[in-house]
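See structure below.
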Amino acid sequence: MAVTVTKIPRPDRSLWVQSYVPEVMRGLSITSKQFFKNLFTKKDVVTIQYPEVKRDYPERYRGLHRLMYRDDGQVRCVACMCCSTACPANCIHIEAAEHDDTSIEKYPAVFVIDELRCIVCGMCVEACPCDAIRMDSGIHTHPFYERDTAFFDKPALLELGGPSVAHQGGDMKGVQGHH
Amino acid sequence: MLTDILLILLKIVAVVLLFAMPIGSLMTLLGDRKQSSMIQNRVGPNRARLSIIPGLGRLPLVGIPHFLADGLKMIFKEDAIPDGADRTWHNIVPAMALFPAIVMWAVIPFHDHYCTGEIVVQNYRDICVEGQTRNFFSIANLDAGLLYVFAISGVSVYGAAIAGWASNAKYSLIGGLRSSAQMISYEVSMALSVAGAILIYGTLNLNEMVVQQGHLIGGWLPMWGIVVQPLAFFIFLGAMMAETKRAPFDMPEGESEIVAGYFTEFSSMKFAVIQLSEYVATVFVGALIATIFLGGWQVPYLYGDGFHFGNTPTAALELPYWAVIALRIGAFSFKTIFILWLQFMLRWTLPRFRYDQVMNLGWKIFLPLSLANLVITAFVVAIL
Amino acid sequence: MPTATINGKEVTVPRGTAIIRAAAMLGINVPHFCYHPALSAPANCRMCLVEVEKARKLEPACYLKVTDGMVVHTESEKVVAARQAVLEFILINHPVDCPICDQAGECKLQDYYMAYDAKPSRLTTGKVGKVKVYPIGPEVVYDGERCILCTRCVRFCDQITGTSELTVVDRGDRSEIRTFPGRELDNPYSMNVTDICPVGALTTRDFRFKCRVWLMTSTDSICTGCARGCSVHLDHYLGETQRYRPRFNPEVNEYWMCDEGRLSYKRLNANRSGALRVGERDDLSWPRAARMIAGALADAQLQPDQIAFVASADASTEALVAGHEYALNILRAGRFYWTGRADGEGDAFLRCADRNPNRAGLVHSFGEQILERGADRLLKDLKSGGIRALFMMSSALPFGREAVEELAAEARKLDIFILATSHAGSLSSAATVSLPVAKHSEQTGTWVNIDGVAQTVDAAYAPPGVAIADWDVYRRLAAGADAEWPLDSVDAIHARIFSDEAAE
Ligand code: SF4
Ligand code: SF4
Ligand code: SF4
Ligand code: SF4
Ligand code: FES
């Protein structure tokens, strides 16, 4: 592979600019303008005083996970493991089991997320084909004083959850019943 | 004799503990943190509280308690000395850094000599008649005052260089080397740039310099150093900032490359002392520039007995002597703090230099310019 | 021998070869559902339609035989369009419950959909619901909605096992697979239908929902359930075998394996022992333990006649060769026995009555005579006394629980009882020395089947605890005894095995 050299010419600077002092003055004028403005009026200050003032999270903020449920209150998750496969932090542990209801067939007997290990990337939500896992709880993952408390199991995740009636594989009108 | 010694001690205490150190630590912390926060549209530190003092409760006090909290924290930090470090030097070096920064204050005049008798103003000068002049307002009134400053600031390079060496760490060593190279380079143009001012004032005594700056050119323009030596002012300011290793000249502690440079391996109070010495030196730069270029304790048109507009023997607005003294010390403090503010302003305005740029600036720009300045000044002084 | 041109490449095949086979010879894969090389071709799924020049319409590649001068295109526009149409038809009533479906990840329908169709459904009416989770047999579960009615399963029962349990019932979009009245899919090979089912309509009760297929790693291995030694894909995840799937091997098992063998993988996971124990101590390293064993054997001052060595028809050939070397030259055993699992039911297809995977290897290493000295004889000799030291190559015994306890009780009375075992049990707790060894999923080893076919497998994952390959045990013991040891690698052992074979 041939090495090519591109010469980038130095920018042309007038003597005025090159003499540095006027440019420094120009810079100083900007910083001092800001300084005095904020010294007397605090007008441009953007800091949010966190514990006292809380900022509203944007709608798509990724907070603590939650598991959604069906109309009848059953967990929507079918233990397909798409989320745990997609999870780059390997922090989702699912154990699938056979459901008594043959129309549900498969459900997660165990569903644990290690929120400490989670890197809050949202891949799990992206991967879920069933709209079963969401991160829209809006709850900032709080610190944990003990590691075990960072394991969110199925009941804990369901507690945050809400109903979702999205149809698997898109909107299927009038699904016929089973035999 | 005894009173003299007591007086000197008192002055030392006053200068160091009431001026240099408080301004050094408090103003610089405020300047470093609060000032930068305002430039950057933040609020800056405001979490530490002095709630142990009744009545202060949860007042943020513009972040001042943070500097107390910092001190407290520093005291309780572990003092770690790296393996293989030279323990003796490692322990001594913070003191070596602080010592010159404080000792330099000895020659700074806060006011003219105190006059026990009547003051007559002649030719923009206070002449003390029927009385003695007493040196109350500087620790030592040295005739070679400016040389003393240069001598001591030459010594201050040891602090950084030895700190870097004694830590037995690569970053520290690089920091130490950088600081010695940088400080020595800038000392040259620093001294040469004020040489012009020395020529004009014809003295090395700092108080005498200030006295001479009371002169009004054409009866209205104060003959401050910045007026007669504008180029020298900029060079001196730049060189002094480089001397104190402040941004944009903070190569020796360049965080992005060498962690914290020569004091990387210092912790606890030793770290605090090194930091403090830098801050005190920064304040000293303010005081020195104020003295040489901004008329020191001079207030324009104010002389020993009141305001004179033009070269008149009687004051247009008479003031008692104590009021004059108060005004002048106030003016001096104000100028010092202004230069301090300016230094911080520059620090938060300018991006850092590259090390070769620092050296270029020192040797290829400041040095020739200050030499030219000296030659021209010499000609002008000779002609006049 | 007709010659045809498929996608511009010429191929000459025996008369009567289907286009799909000819294409496969050229490395061209023609998508298909109902065709299976071991079964007849009903050509009912129409997935394999290809364009044959001069033919009026597209032809099924699985059925149409190659004729001389035939020109075939398998990826032409017309063909692809037909495939899309076929897929769309199949998917009309398909539930697409891939998240639940165990086949997802190895599903032909998924693969072809992604490769050729990948369009959302155009269907606006509801789907026809069918039976879900239907227990079609004791080991197999049927899902009517996912079934694409390729009838591979039906043909398997008709043509391979000859049991004919399955058929298609109802017509049109109501069609489903069912057993004939009063019957169940319960032949000893029933789980093969789940392998040949191209979709997730048939699943094994055992593997259902256990592990997603994309998580598992597959290692070529063998089934050690009987002397047939069927070739399998050993699918494992996180150091545990999750399932066996038959691997095509024309010399041994073709495409199939029996249910019992398929479930024998469970032995690889359950009740494993990875601890090295000498007396009361279980914190020893192998070299240390080997020295202690050698020391104890030397201290006991045994006569060869007091030392019994029990070879195992379960162990790898490598272990049997190494064990033989060790028993003769280092242990200096005077009595030889063999053990293994008890015989079971056999048939004319795959299952052998001999449930030991390596009796041939045993005979190869220890000679024919040893077969006369089985576990019963061992128990008898232990009872009659005279044996003071016992070395067993494995804890596999053809006994029921009572007899095992009896043997364990006898063994407890011995001066020294060394057991190399992969499993914990009453025998291993009776042993003075328990040496943990790997199973075939965890080591390199060769097993010789009933027809003399030797299969060498490699480790799929690491053995538990400090267990090592079963042949490596003897190298360690020899090193502990400071003895000369010629068999210090698999290659060295193989050199011996295969040179012997060549000499025979
Ligand atoms: S957000 Fe990312 S890291 Fe956290 S559980 Fe989901 S996939 Fe895993
Ligand atoms: S991807 Fe969704 S349905 Fe699948 S296991 Fe995760 S949460 Fe459950
Ligand atoms: S059979 Fe294939 S396409 Fe159908 S649900 Fe199962 S994985 Fe999905
Ligand atoms: S169950 Fe499977 S093999 Fe049997 S017809 Fe249906 S899709 Fe084909
Ligand atoms: S594979 Fe040829 S029609 Fe099914």
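The values are calculated or read from the model by the stated rules, or taken from the named source; none is laboratory data. Owing to the predicted nature of the structure, the values given are computational and were not obtained by experimental measurement. Here the Cβ positions follow ideal geometry from the backbone for every residue, glycine too, while neighbour counts run over all protein chains shown. Ligands, DNA and RNA are stripped out before the accessible areas are found, and what is left, the full protein with its side chains, is counted by its heavy atoms. Shrake-Rupley method; radii C 1.70, N 1.55, O 1.52, S 1.80 Å.
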Every listed condition ((1) over 13 Å from the mean Cα position of the chain (by Cα); (2) open to solvent by less than 40 Å² (accessible area, probe 1.4 Å)) holds for B:Leu319 save (2)
Within the stretch A:98-128, the residues that are within 12 Å of A:Ala86 (Cβ to Cβ) and either touching a helix residue (DSSP H, G or I) at 6+ places or on another chain (Cβ under 6 Å) or acidic (Asp, Glu) (or both) are A:Met123, A:Cys124, A:Glu126, A:Ala127, A:Cys128
Log entry, pairs with first residue in the stretch C:400-418 being in contact (Cβ under 8 Å) with a residue 12 or more places away in the chain, second being polar (S, T, N, Q) and surrounded by 14 or more Cβ atoms within 10 Å (Cβ to Cβ), beta carbons closer than 7 Å, six or more apart or on different chains, reads C:Val404/C:Ser426; C:Glu405/C:Ser426; C:Ala408/C:Ser426; C:Ile416/C:Thr432; C:Phe417/C:Thr432; C:Ile418/C:Thr432
B:Ala331 fails exactly one of (1) in contact (Cβ under 8 Å) with a residue 24 or more places away in the chain; (2) open to solvent by less than 10 Å² (accessible area, probe 1.4 Å); (3) among the small types (Gly, Ala, Ser); (4) within 30 Å of B:Ile119 (Cβ to Cβ), namely (2)
Okay, helices (runs of 4 or more DSSP H) sitting entirely in the stretch B:1-95 with 3 or more residues that are open to solvent by 40 Å² or more (accessible area, probe 1.4 Å), I get B:2-12, B:65-76
When every residue in the stretch C:109-143 that is under 19 Å from C:Met191 (Cβ atoms) and over 25 Å from the mean Cα position of the chain (by Cα) is compared, the one farthest from ligand 4 (Cβ to nearest atom) is C:Val133
Subset of the stretch C:280-304, residues of a type in the set (A, V, I, L, M) and under 15 Å from C:Ala467 (Cα atoms), comes to C:Leu284, C:Ala289, C:Ala290
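Every residue, every condition in (1) aliphatic (A, V, I, L, M); (2) within 16 Å of ligand 5 (Cβ to nearest atom), yes or no:
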position	(1), (2)
C:Ile148	yes, yes
C:Val154	yes, yes
C:Leu166	yes, no
C:Val169	yes, no
C:Ser190	no, no
**Asked** Is it the case that some residue within the stretch C:5-19 is under 28 Å from C:Val140 (Cβ atoms), away from chain A (no Cβ under 14 Å) and assigned to a loop (DSSP other than H, G, I, E, B)?
**Response** no
Residues of the stretch A:66-86 being near ligand 2 (Cβ under 9 Å from one of its atoms) and either open to solvent by 20 Å² or more (accessible area, probe 1.4 Å) or in contact with a helix residue (DSSP H, G or I) (Cβ under 8 Å, 6 or more places away or on another chain) (or both), in sequence order, are A:Leu67, A:Val75, A:Arg76, A:Met81, A:Cys82, A:Cys83, A:Ser84, A:Thr85, A:Ala86
Residues of the stretch C:52-101 being in contact with a Lys or Arg (Cβ under 6 Å, 6 or more places away or on another chain) and either within 14 Å of chain A (Cβ to nearest Cβ) or surrounded by fewer than 16 Cβ atoms within 10 Å (Cβ to Cβ) (or both), in sequence order, are C:Asn93, C:Ile100
A:Pro22 fails exactly one of (1) touching a Phe, Trp or Tyr at 6+ places or on another chain (Cβ under 7 Å); (2) within 14 Å of chain C (Cβ to nearest Cβ); (3) surrounded by fewer than 18 Cβ atoms within 10 Å (Cβ to Cβ), namely (2)
Residue hits (the stretch A:77-92; within 16 Å of ligand 1 (Cβ to nearest atom) and assigned to a loop (DSSP other than H, G, I, E, B)) are A:Cys77, A:Ala79, A:Cys80, A:Met81, A:Cys87, A:Pro88, A:Ala89, A:Asn90, A:Cys91
Open to solvent by 20 Å² or more (accessible area, probe 1.4 Å), within 22 Å of the chain's Cα centre (by Cα) and more than 21 Å from A:Thr149 (Cβ to Cβ): does that describe A:Ala127? yes
Per the list (1) aromatic (Phe, Trp, Tyr); (2) under 20 Å from the mean Cα position of the chain (by Cα); (3) open to solvent by less than 10 Å² (accessible area, probe 1.4 Å); (4) at pLDDT below 85, residue check on B:Tyr279 breaks on (3)
So, first residue facing chain B (nearest Cβ under 10 Å) in the stretch A:42-56, second residue assigned to a loop (DSSP other than H, G, I, E, B), Cβ within less than 7 Å, six or more apart or across chains; the pairs are A:Asp44/B:Asn41; A:Val45/B:Asn41; A:Val45/B:Arg42; A:Val45/B:Val43; A:Val46/B:Asn41; A:Thr47/B:Arg42; A:Thr47/B:Val43; A:Ile48/A:Arg55
Here the residues within the stretch A:25-49 that are part of a helix (DSSP H, G or I) and open to solvent by 50 Å² or more (accessible area, probe 1.4 Å) are A:Met25, A:Arg26, A:Ser29, A:Ile30, A:Lys33, A:Phe36, A:Lys37, A:Leu39, A:Phe40
By my count, helices (runs of 4 or more DSSP H) wholly in the stretch B:313-384 with at least 3 residues that are more than 14 Å from chain A (Cβ to nearest Cβ) and among the aliphatic types (A, V, I, L, M) are B:321-349, B:367-383
The condition of being touching a Cys at 6+ places or on another chain (Cβ under 7 Å) and of a type in the set (A, V, I, L, M) holds, among C:Ala104, C:Ala81, C:Ala118, only for C:Ala104
Considering only helices (runs of 4 or more DSSP H) wholly within the stretch C:259-343, the ones with at least 3 residues that are open to solvent by less than 20 Å² (accessible area, probe 1.4 Å) are C:259-263, C:286-300, C:317-326
Over the stretch C:109-123, the set of residues surrounded by 13 or more Cβ atoms within 10 Å (Cβ to Cβ), within 12 Å of chain A (Cβ to nearest Cβ) and away from ligand 3 (no atom under 13 Å from the Cβ) is C:Leu123
Among the residues of the stretch B:96-123, the number that are aliphatic (A, V, I, L, M), open to solvent by 20 Å² or more (accessible area, probe 1.4 Å) and touching a strand residue (DSSP E or B) at 6+ places or on another chain (Cβ under 6 Å) is 2
Reported set for the stretch A:68-87 where residues are touching an Asp or Glu at 6+ places or on another chain (Cβ under 9 Å) and more than 12 Å from every other protein chain (Cβ to nearest Cβ) is A:Met68, A:Gln74
Here the qualifying pairs (Cβ atoms under 6 Å; residues six or more apart or on different chains; first in the stretch C:8-35 and in contact (Cβ under 8 Å) with a residue 12 or more places away in the chain and away from ligand 4 (no atom under 16 Å from the Cβ); second assigned to a helix (DSSP H, G or I) and β-branched (Val, Ile, Thr)) come out as C:Val30/C:Ile20
For the stretch A:121-137, pairs from a residue that is assigned to a helix (DSSP H, G or I) to a residue that is within 6 Å of ligand 2 (Cβ to nearest atom) and hydrophobic (A, V, I, L, M, F, W, C), with Cβ under 7 Å and 6 or more apart or across chains, are A:Cys124/A:Cys83; A:Cys124/A:Ile133; A:Val125/A:Ile133; A:Ala127/A:Cys82; A:Ala127/A:Cys83
Can you say whether A:Tyr61 is more than 10 Å from every other protein chain (Cβ to nearest Cβ), open to solvent by less than 70 Å² (accessible area, probe 1.4 Å) and of a type in the set (Ser, Thr, Tyr), as far as the supplied structure shows?
yes
